[in-house]
Every structure is written in C-alpha cells, then in structure tokens.
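Peer 1: Dropping a structure here in structure tokens format, bear with me for questions.
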Amino acid sequence: MDNGAQARLAAARVIDAVLHHGRSLKAELSTALAGIDDVRDRALVEAMAFAAVRHQGRYAAALSRWMPRPPGARDAPLRALLYAGFAQLDPMGLPAHAALNATVDAARLLGRAHQANLVNALLRRAQKDGLPAAAADAAWPAWLLAEVRADWPQDVEAILTASAAAAPQWLRVNTRRGTRDAYYTRLVQSGLPADVPDEMSDALRLATPVPVDALPGFANGDVSIQDGAAQRVADALRPAAGARVLDACAAPGGKSAHLLERDPALQLLAIDIAAPRVARIEQTFQRLGLGAQTRVRTADALEVARWWDGTPFDAVLLDAPCSATGIVRRQPDVLLHRKPRDLEALAHLQAQLLDALAAVVAPGGTLLYATCSILRRENAAQVDAFLARHADFSLAPLDERFGRDTGAGHQRLPGESGMDGFFYARLTRLR
C-alpha cells in the first residue's frame, strides 16, 4: 500500500482521539505530523482532520441516514476513518477515485479488512448522493449557542457561518529583515500570491494555508504565521520607544516577537506559567533572532512577588486565557471540549490576573487586556468590573481598526476583515 493510505490512517487516528477521547486537535496533529516526512502528506492529514472535526455533525447525519445501525463505541476508529473519507469528498474536493481507494486501503491498515467493503460503499454513496447539509449551529453546544445569541442577537448567523469556514493564513513579515513589499515579491516568485491589507504595514494574507516549509525564509525568521486580529495587539499596546514592557501570558511568543520586531530596544519580559510553553517562546525568539533583546521566564503572573523586581512597567499585555470562541474556525474542537464550568473558572482567572497585573503598571502606563473570545462575560463585562474595582484606571480610546465599540473595549467578530474574533481594551493607570 502507498503512503496515501498511511496518510488516511494517520488522519483517522487524530480524528478518533479528538472526537471520541476528548483530546486536543492541535496536540494530536502535532504528534501525528512529527512522524510524517512528506510535506504533501502532512498537509493532507491536517486538512482531513480539520475538515472532519469541523463537519462532524454533517457526517454523523449521513451515517444515521445511510446505515440502520451507525458505528458505535467499539467501531469508533471506523467512524473516524469514514469521516476522513467524507472530508476528502466534501469540503476538500479531492478526486473521488483517489479518496476512495486510499481510504479503503487505510481500513485494512486499521485492522478493519472485514469492513473495507462497507467503507467503499459508504464513500461511493457520499460521492453519488452528496453529504447532507447541516444547520450552521449544529456543531455548537446548546448552552454556548444560547450565550452567543444573547450577546450578539443581530450577528449570530454571521458568527456561526464564519466559525464553520476554513480560515485564511495570515503572515507577519519581520520588518527587521526586509520590507513587506519585498516579501510579497518572494511569495509571488514562489507561486504564492497573497492579499495585501492596506491598513496593516507588516501583514499579508494567503487564502489557502500552506505548510511553513513552503514559506520563503520561514526557518530564517523572515516571516511568521499570526492572524491579523492578533497582529493588531501591537497596534493597540503601542509602547513608547525603549519602554519597559511585560507580556504576562506570552506563549507561544508571537505578540512579544511582533513588539520586538518593531522596536528591538524594548525592555521586554515575557512570562508564562508552564515550562514547555516558555520553551515555545524561546524557540520563537530564536528563530526570529530576538534572543539578545529580551528575557523569558517561567512564572505565574498571579504570584507577582515571585517574579517582579519592583520596577513598574510602562506597558503590560494580558492576552488572557479564555473560551477561544473567537477562533473556532482555527480550533473547531473548542466546541467539543468546552463546558459551562470552564467559563466560570476562566472568568474568575481573568479577574484575578487583571487585579494582580494592575499593581505592576507604572502611573501613566498601559494595561492592554485582550482575549480571543466573543463572549461579553469575558470581555466588556470583565473590563467594566475591573474599572469598578480600580478607580486609578480608566479606559483609553481605540478606533475602528479594532472592531466595534462595546463601551468597554472593542470587539471584532469572527470573519470580520478576514480576521479571527478578538477583544481589546486599553486601560491607562492614572498618574
């Protein structure tokens, strides 16, 4: 059997782990892709896994419609393989003969040779009849959907539609190494034409994501992958030249790196609570050639006395842990794993972090609160509550570049300007 079957098998194992065992899609893919050398196979496995998790509601409906007894718990690996097969036909649109043959071969590799004919029949049915449509809200748990509807009653359909779509690939050009225009030319020469957002000086956007190996100069630090909404954090914080800056929940380091690319003279401290996450920050800085300009530490932002030297920071970035409801299009398994109790715990942690970090902001300094959430309880309501507790802080204005004004920060919803959902509140400590 060729590597095509191996790729389908790898995707099925990722899908099985995510859908049936509660694992993280990002983590499972990272493990699976580490064992695949071929760039095309890596991209194929990733695309199948994302599509299957994103459209698992449709695929479950197809099996229920076409089978008197859809695969149960004992046949979960078979269900995952079928989802990988369906994903190849819709939405990936691969040639049907290749999708069918390789997926049937993968059934044998999976130890399901006795079910290979069933896999073949179901994929042919999908090819002939098409997969059933599903409502845009089918993948959302009822409790979370109700919260989104309450927060954004006029925008809920647009949110659901954008969250179900594949995201573009945003690039951040390292302007310490060259101009955006020069890197755009390199992309075109590599057969990767990109969109050029006029209002962002160091951003480019690819409609179809490509592996990092395909991006010119990625390994040398010429470019990074970072959504446009996350890139806007540097614009919202906008520290003064050479300022003393804290990134309090910094992993994997993209936002700190962006700040340093713009101003290498920043006195920046990047901290995160877990050593493996801090290692990712260090890897990011190393690739971008930023190691000499910054410090990175493993530290709990809540335990200020353990890591703070007592000198206030001119600017503090708190990109807080959150529900990730603004990036469902990039992390579709969020809808599978998130529970109501998670939001309660996250909201409590966000408030604790805001209170702890308020103490390290210099008079006249900035505390930027950001999340990739679209829920008001994590965003505008969190900022309102913070301001009620801290009379020495006020809300500073942002403009339309950061989304719609909520009265307590700015909210961008998923898909707006092609970006992820994101929230920004710029808070100033009074002198």
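The values are calculated or read from the model by the stated rules, or taken from the named source; none is laboratory data. Every value quoted in this text rests on a predicted model; they were computed, and no experiment measured them. Here the Cβ positions follow ideal geometry from the backbone for every residue, glycine too, while neighbour counts run over all protein chains shown.
Peer 1: Can you pull out every residue in the stretch 331-346 that is touching an Asp or Glu at 6+ places or on another chain (Cβ under 8 Å) and surrounded by fewer than 19 Cβ atoms within 10 Å (Cβ to Cβ)?
Peer 2: So in the stretch 331-346, the residues touching an Asp or Glu at 6+ places or on another chain (Cβ under 8 Å) come out as 343, 346.
Once the filter is applied, which keeps residues that are touching an Asp or Glu at 6+ places or on another chain (Cβ under 8 Å) and surrounded by fewer than 19 Cβ atoms within 10 Å (Cβ to Cβ), the stretch 331-346 yields nothing.
Peer 1: Would you check which residues across the stretch 262-284 are in contact with a strand residue (DSSP E or B) (Cβ under 6 Å, 6 or more places away or on another chain) and either aliphatic (A, V, I, L, M) or part of a helix (DSSP H, G or I) (or both) and list them?
Peer 2: Hits for the stretch 262-284 are Leu266, Leu268, Leu269, Ala270, Ile271, Ala275, Val278, Ile281, Glu282.
Peer 1: Looking at Gly178, is it in contact (Cβ under 8 Å) with a residue 12 or more places away in the chain, small (Gly, Ala, Ser) and not assigned by TED's automatic domain parsing to the domain that holds Leu259?
Peer 2: So Gly178 fits the description; yes.
Peer 1: Considering each of Leu160, Leu204, Leu187 in turn, give the residue that is surrounded by 15 or more Cβ atoms within 10 Å (Cβ to Cβ), within 20 Å of the chain's Cα centre (by Cα) and in a helix (DSSP H, G or I).
Peer 2: On the way: Leu204 fails: in a helix (DSSP H, G or I); Leu187 fails: within 20 Å of the chain's Cα centre (by Cα).
Of Leu160, Leu204, Leu187, the one residue that is surrounded by 15 or more Cβ atoms within 10 Å (Cβ to Cβ), within 20 Å of the chain's Cα centre (by Cα) and in a helix (DSSP H, G or I) is Leu160.
Peer 1: Sticking with this one: Looking at this structure, is Ala80 modelled with pLDDT of 95 or more, within 28 Å of the chain's Cα centre (by Cα), aliphatic (A, V, I, L, M) and within 17 Å of Arg8 (Cα to Cα)?
Peer 2: yes
Peer 1: If I ask for residues that are among the β-branched types (Val, Ile, Thr) and under 15 Å from Leu349 (Cα atoms), which ones from the stretch 360-401 would you list?
Peer 2: Correct list: Thr371, Val383.
Peer 1: So which residues in the stretch 306-357 are within 15 Å of the chain's Cα centre (by Cα) and hydroxyl-bearing (Ser, Thr, Tyr)?
Peer 2: Those that are within 15 Å of the chain's Cα centre (by Cα) and hydroxyl-bearing (Ser, Thr, Tyr): Ser323, Thr325.
Peer 1: For Asp213, which of the numbered conditions (1) part of a helix (DSSP H, G or I); (2) at pLDDT 95 or above fails to hold?
Peer 2: Condition (2) is where Asp213 drops out.
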